[in-house]
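**Student:** Quick one: the structure is below, questions incoming.
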Amino acid sequence: MQTRRSFIKALALSASIAAIGAPIGAHAADTIKVGILHSLSGTMAISETALKNVALMTIEEINAKGGVMGKKLEPVVVDPASSESLFAERARQLISQDKVAVVFGCWTSASRKAVNPVFKETNNLLFYPVQYEGEELEKNVFYTGAAPNQQAIPALEYLLSEEGGSAKRFVLLGTDYVYPRTTNKILRAFLKTKGITDADIMEDYTPFGHSDYQTIIANIKKFASEGKKTAVVSTINGDSNVPFYKELGNAGLKATDVPVVAFSVGEEELRGVDTKPLVGHLAAWNYFMTIKNPENDAFIAKYKAWAKKNGVPNADSVVTNDPMEATYVGIHMWKQAVEKAKTTDTDKVIAAIGGQTFKSPSGFTLTMDKTNHHLHKPVFIGEVRADGQFDVVWKTKGPVRAQPWSPFIAGNEAKQGL
Amino acid sequence: MNRLLMRLALLFVSLACLAVPARAALDPALIAGFAGDFGSRVAAIEALGVDGSADARRVLSALEAGNLGVVSERVVITDGDEVMDAASGDKLEMAVTEVDTITLNNRLRRSIATANAAFALFSASPAERLAAATTMRENATETMTPALERALAAEQDEAIRTVLEYALAKINLGSSDTAKRLKAAEALGGSSDPAVKNMLSALLEKTGEGKNAMWVESSAEVRAAAEASIRAIERRISIAQTAGTMFSGLSLGSILLLAALGLAITYGVMGVINMAHGELLMIGAYATFLVQSVFRSHLPAYLDWYVIAAIPVAFFTAALVGVVMERLVLRHLYGRPLESLLATWGLSLILIQAARVTFGPQNLELANPSWMSGGIELAAGVVLPWNRIVIVGFAAFVLVLIWLMMQKTRLGMFVRAVTQNRPMAGCVGVPTARVDTMAFAIGSGVAGLGGLALSQIANVGPAMGQGYIVDAFMVVVLGGVGQLAGAVWAALGLGIFAKFLEGWAGAVIAKILVLVFIIIFIQKRPQGIFAVKGRFADS
């Protein structure tokens, strides 16, 4: 109760400050403001609310250990309500009105593309924590999620291997927007280098929020039954995944016959699904909650305790997932860079962050690349278990350097740096 | 001593039925593969399947349970704190923590399923034997031939024999004996599996270039048999697929109908543009979730029936919310469609936010009861899921209920009277205000039932209703405002139309085409499929 009251007080305080239009003044001297830009309502609230939570938890943790350069971090949370134009508006508000030093936020590629110009114009920093399609490299953005070669390509290599079932035909299934279309373009080019012809690739898209997967599942079955071992690569995003997996289970398409590997389905998304019929389907990420190591145990315990303390709904069943881990790592990387640069000045932080390392809950020490603004990350392939968690069945030997400009798209050879 | 006796007995059993070489326990060479790389593990599983002895089963079930492991090249089974040698079953002096457990993945699971099926071919229960034979038909490789032949020799049941013969035929298509291949090609004509079709068409191809071209299948007789079989299979597949698409359309139609039926009453009959209709669906789905939670915590034994118990709960919860909405807001806005549109839109936002605050922004997990899971297989590749079959039936049930209520009850008569001529109905003593409330409550309750049905196939989250409101209005407008029958035809027609389009053009284009079709249709026929006839048509 105490925290809620003080939160309301803080809210009232900041509202009144904003209303008077007074400069932050003395207040700013002993804290550093950081912005949190995640949708807390609308369709993406499902995924992004947890990222807001983990960001607040990480800031609390840093403050408890004395803050950054002796100053406490002060989070400013705004809600862009899953709307791209609001993302740009709220980002501008965070930077010019609240004077934040850095922003942690965004989930969909569409929202990131909407805020990119704002960060460029104001020369502020964005830490983007979600796997994405690449083909972008902004000076003001740090990408702590996976580039295609840190998720999609290894997943396909696994499916092609004997261990993964030696798939010879592929269904590329996605939601109809920039991330799935670009990823599938890269994957198609990659499959061609592996000797898979166009006749053995089926590509299909559904609108956002599509909920009737009968026809698509029937098509997949038909495609799969035409000989050769088939696998499905799903870039379906958001809550369409629930009806998709439900239909998959009821249509009797088992993972042992036609495995589905997903790039946007993690522990959080599976909370809304009865996972028993899905056992054995795959997901590729750079982190899974089931990974066993001391850092991860501590991370999960911290988040559970935070959720309970802050009255998150269903606090006893909260899970951690890959973008949450990426948020956690991103905030720590920024803190280390600020401490090295001894200032929150954007250009100095950018110069200081390259080469920073952090022992992450994935069990590996992650390094921020010196030039390309991406993390070196390990890749894991997990199989869905009956309890909605994942069993890691395959992983890379160590962290992989990101290739934001995929070598499988023509004309990318020249664009490697910023 | 006991163990020795048991082994002796086992020895005789295996000698008698399986004719495998005599041995005291499992041949360690058979399972040595588990200590090797991935490929040798798969081979070891298949070898165990063919072996079929009780020891082989023991090792395989340990693997399935995640209890099989390797300690320095030695294959062992763990059981609690104990470690045993996998081949002999002798207890070993070592800690469980030393064992490197073999993790399963899909490829291994598939091999295990085939091996288990090889065991089950000799089960006492015909149902188990049939299931096993079906699995073998899908997955059997040449290594399984001995097990299949043994099973076929012992099998009495005709249906199981047919499946086994298919399985063997698939393997025998590659046999060097022409007579065997001919028999196999003929037998496979009885299948309706596209995979079999592919195997057969592979025979009709030529290898090599120009003059050196050789038929993959050398015998013309076998090729003719294969062609005939392919035609038979293709016919069966195309019938099954058309039936499958029809069913998908029917299923989509029934969902549209359930989403729109409540609206057909509140909008179609009463003329209230209720933008919060989608949220009434959401309330029905959330009520279903609450019933499921109560069953989980208090009546776990009856969990499978929570959906039935949720029917009245979903209906009355949504109806109650409908009554409150009508009493507090809508009754002041009758005859002012624009204001009621705005007011109900506001209500919908309030309801969404209320659900988000109470239950959290996450989607809720609603499990299909076991009797609604899975499906019936019409033909290979065409499965009608039970949850969709049940929902089609449920939609019909709700429709009949509404029809009876509107046509056969006093309340239904009042509703019809008030909607046709409010002042006149009032003059003859119909309590119009109360009838409005009742009609709105029923429309809302039906929306609640729609939400219950949706919870079994779609997402349950605070904003779920938003996805259906447009579809629901589409159905009501297309069907003709004021008509329940119109809504039925429009929903089923749209469902089947959309599914055939989707199969042909993909989901994104199909959605656009459906909207274009409706715009054109409404342009040409603004009154919808069924027009209200008579004096009140224009009022």
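The values are calculated or read from the model by the stated rules, or taken from the named source; none is laboratory data. Everything quoted here is computed from the prediction, not taken from an experiment. In this analysis, Cβ positions are derived from the backbone assuming ideal geometry, glycine residues included, and neighbour counts consider all displayed protein chains.
**Student:** Tell me whether the range A:236-249 contains one or more residues that are more than 10 Å from every other protein chain (Cβ to nearest Cβ), touching a Phe, Trp or Tyr at 6+ places or on another chain (Cβ under 6 Å) and not β-branched (V, I, T).
**Tutor:** There is at least one residue in the range A:236-249 that is more than 10 Å from every other protein chain (Cβ to nearest Cβ), touching a Phe, Trp or Tyr at 6+ places or on another chain (Cβ under 6 Å) and not β-branched (V, I, T).
**Student:** Collect the residues in the range A:219-234 that are hydroxyl-bearing (S, T, Y) and more than 7 Å from chain B (Cβ to nearest Cβ), keeping them in residue-number order.
**Tutor:** Hits for the range A:219-234 are A:T230, A:S234.
**Student:** Evaluate the range A:192-208: report whether one residue or more is at the interface with chain B (Cβ under 10 Å from one of its Cβ atoms), touching a Phe, Trp or Tyr at 6+ places or on another chain (Cβ under 8 Å) and closer than 22 Å to A:E383 by Cβ.
**Tutor:** Looking for residues that are at the interface with chain B (Cβ under 10 Å from one of its Cβ atoms), touching a Phe, Trp or Tyr at 6+ places or on another chain (Cβ under 8 Å) and closer than 22 Å to A:E383 by Cβ, one finds none in the range A:192-208, hence no.
**Student:** Take B:G493 and decide whether it is touching a Phe, Trp or Tyr at 6+ places or on another chain (Cβ under 8 Å), of a type outside the set (D, E) and either part of a helix (DSSP H, G or I) or surrounded by fewer than 19 Cβ atoms within 10 Å (Cβ to Cβ) (or both).
**Tutor:** No, not satisfied.
**Student:** A further question follows. Quick check on B:G461: is it in the same structural domain as B:I352 (by TED's automatic domain parsing), buried (at least 24 other Cβ atoms within 10 Å of the Cβ) and more than 30 Å from A:S82 (Cα to Cα)?
**Tutor:** No: the conditions fail for B:G461.
**Student:** Just the residues that are in contact with a Gly (Cβ under 9 Å, 6 or more places away or on another chain) and exposed (fewer than 11 other Cβ atoms within 10 Å of the Cβ), please, taken from the range B:197-230.
**Tutor:** The one that is in contact with a Gly (Cβ under 9 Å, 6 or more places away or on another chain) and exposed (fewer than 11 other Cβ atoms within 10 Å of the Cβ): B:M214.
Okay, residues lined up against (1) over 14 Å from B:G445 (Cβ atoms); (2) under 36 Å from the mean Cα position of the chain (by Cα):
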position: B:R296; (1), (2): yes, yes
position: B:P300; (1), (2): yes, yes
position: B:W305; (1), (2): yes, yes
position: B:I311; (1), (2): no, yes
position: B:R327; (1), (2): yes, no
position: B:H332; (1), (2): yes, no
position: B:G335; (1), (2): yes, no
position: B:E339; (1), (2): yes, no
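**Student:** Conditions first: (1) away from chain B (no Cβ under 14 Å); (2) surrounded by 20 or more Cβ atoms within 10 Å (Cβ to Cβ). A:G363 passes all but one, so which condition is the exception?
**Tutor:** Going through (1) away from chain B (no Cβ under 14 Å); (2) surrounded by 20 or more Cβ atoms within 10 Å (Cβ to Cβ) one by one, A:G363 breaks only (2).
A quick yes/no check of all residues on (1) modelled with pLDDT of 85 or more; (2) assigned by TED's automatic domain parsing to the domain that holds B:I102:
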| residue | (1), (2) |
| --- | --- |
| B:S14 | no, no |
| B:F38 | no, yes |
| B:L68 | yes, yes |
| B:S72 | no, yes |
| B:V76 | yes, yes |
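**Student:** Right, something else. When you check B:F397 against the structure, is it aromatic (F, W, Y) and away from chain A (no Cβ under 11 Å), yes or no?
**Tutor:** yes
**Student:** Then there's this: Among residues belonging to the range A:256-273 that are crowded, with 23+ Cβ neighbours inside 10 Å and facing chain B (nearest Cβ under 7 Å), point out the one that is farthest from B:N368 (Cα to Cα).
**Tutor:** Checked the range A:256-273; the qualifying residue farthest from B:N368 (Cα to Cα) is A:P259.
**Student:** Can I ask one more? When residues of the range B:82-133 are filtered for being crowded, with 21+ Cβ neighbours inside 10 Å, part of a helix (DSSP H, G or I) and of a type in the set (S, T, N, Q), how many remain?
**Tutor:** Of the residues in that region, 3 qualify.
**Student:** Quick one: is B:E377 at negative phi and either part of a helix (DSSP H, G or I) or in the same structural domain as B:V196 (by TED's automatic domain parsing) (or both)?
**Tutor:** no
**Student:** Within the range B:106-147, work out how many residues are at the interface with another protein chain (Cβ under 10 Å from one of its Cβ atoms) and among the small types (G, A, S).
**Tutor:** 2
**Student:** Restricting to the range A:279-308, give me the number of residues that are within 12 Å of another protein chain (Cβ to nearest Cβ) and crowded, with 24+ Cβ neighbours inside 10 Å.
**Tutor:** Selection size over the range A:279-308: 2.
**Student:** Scan the range B:184-208 and report the pairs whose first residue is basic (K, R) and whose second residue is in a helix (DSSP H, G or I), with Cβ atoms within less than 7 Å and a gap of 6+ or a chain change.
**Tutor:** B:K197/B:I230; B:K197/B:I233; B:K197/B:E234
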